[in-house]
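Colleague: Quick one: structure below, then a few questions.
The values are calculated or read from the model by the stated rules, or taken from the named source; none is laboratory data. Since the model is a prediction, treat every value here as computed from it, not as a measurement. Every residue, glycine as well, gets a Cβ built from its backbone with ideal geometry; the counts of neighbours run over all protein chains shown.
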């Protein structure tokens, strides 16, 4: 892998981290203004960006340890859906936050792994019609925001 590609990956990782910090700061500001649904959605998105940083960090480790397989590793990490799949990034951030993959019986892990966190993030952003019921982002209350974030 050429020096330019390595530099691009380093910049990508740094910008992803900066974006995660920005999103979290924005989420905090919205929370202080009692805009809990938007705050929650941005906090989850910040978590996803941190998950992306961890994926990129693992890719960098693999590239350093296996320079002969650089092309395969690059394709696996950067051309697959690992950097675009919301649930994958949420799971990755959770695994890295606790330092190990949780057991299948862990309630937080089940919630994130099953897509519950992503579903809650979408609920915080969209008005939906379910049958005759109108569901608004207001269903993400302060309490739900705290209970839903891992």
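Colleague: Looking for whichever is in contact with a helix residue (DSSP H, G or I) (Cβ under 6 Å, 6 or more places away or on another chain) and farther than 30 Å from residue 6 by Cβ here; the options are 48, 118, 147. Which one fits? Let's see the steps before the verdict.
Modeller: Details: 48 fails: farther than 30 Å from residue 6 by Cβ; 147 fails: in contact with a helix residue (DSSP H, G or I) (Cβ under 6 Å, 6 or more places away or on another chain).
None of the other options fit; the residue is 118.
Colleague: Being under 25 Å from residue 36 (Cβ atoms), surrounded by 11 or more Cβ atoms within 10 Å (Cβ to Cβ) and more than 16 Å from the chain's Cα centre (by Cα) is the filter here; which residues of the stretch 95-122 pass it?
Modeller: none
Colleague: Six or more apart or on different chains, Cβ under 6 Å: which pairs go from a residue in the stretch 56-78 that's touching a residue at least 40 places away in the same chain (Cβ under 8 Å) to one that's surrounded by fewer than 16 Cβ atoms within 10 Å (Cβ to Cβ)? Could you list them?
Modeller: 70/1
Colleague: State which residue is modelled with the lowest pLDDT when the search covers only the stretch 10-53 and only residues that are surrounded by fewer than 18 Cβ atoms within 10 Å (Cβ to Cβ) and under 15 Å from residue 78 (Cα atoms).
Modeller: 10
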